[in-house]
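Let me begin by presenting the structure, written as structure tokens, before commenting on it.
The values are calculated or read from the model by the stated rules, or taken from the named source; none is laboratory data. This one's a predicted model, so the numbers in the text were calculated from it and none came from an experiment. Cβ sites come from the backbone with ideal geometry, for glycine too, and all protein chains shown count toward neighbours. Each accessible area value is taken on the protein alone, full model and side chains, heavy atoms only, with ligands, DNA and RNA left out. Shrake-Rupley method; radii C 1.70, N 1.55, O 1.52, S 1.80 Å.
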Amino acid sequence: QVQLVESGGGLVQAGGSLRLSCAASGSIFSINTMGWYRQAPGKQRELVAGITSGGSTNYADSVKGRFTISRDNAKNTVALQMNSLKPEDTAVYYCAALSRAAVYWGQGTQVTVSS
């Protein structure tokens with residue numbers, strides 16, 4: 001089992017920045033990819049950004065150039081730096097950890113961007 005704890009959400013004005021952090025514990029040796037997903041009201045959960053243990057990254061087109069994902073394998077943490085935030089970025093953001101056998105989710109943290 002892997003436990004994920006997120007922090008860093010909140011309320012920010014459009015154009016502002018927020019940094020989300022996620023700390024992993026438990027069977028962390030089994031984790032390959034970590035990432036951030038988000039779910040807005042009435043919408044499906046979508047991938048925001050992912051990063052492998054080797055540092056390869058991928059981003060949703062809607063956040064490219066504005067969001068940056070990073071990972072500290074020694075500390076078992078993953079972060080999402082979000083700049084130039086837009087109202088459409090408003091959602092609950094979830095940290096995720098993928099192993100061969102399962103996907104683990106954090107509890108989610110609310111990000112609200114006001115116009």
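Values for this structure:
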item: Cut-off 17 Å (backbone N to label point 7 Å along Cα→Cβ of S115), residues of segment 1-16; result: 12-16
item: Charge context of A79, other residues only, Cβ under 11 angstrom, K/R +1, D/E -1; result: +1
item: Total charge dipole magnitude, the chain, about the Cα centre, Cβ charges on Lys, Arg, Asp, Glu only, Debye to nearest 20; result: 80
item: Accessible area (Å², per residue) of the chain, counting only protein heavy atoms and a probe of 1.4 Å; result: 53
item: Cα convex hull volume per residue for segment 13-115 (Å³); result: 97
item: Between segment 10-62 and segment 99-115, the Cα center-to-center distance that results, in Å; result: 7
item: Highest average packing first - 16-22, 28-34, 68-74, Cβ atoms within 10 Å; result: 16-22, 28-34, 68-74
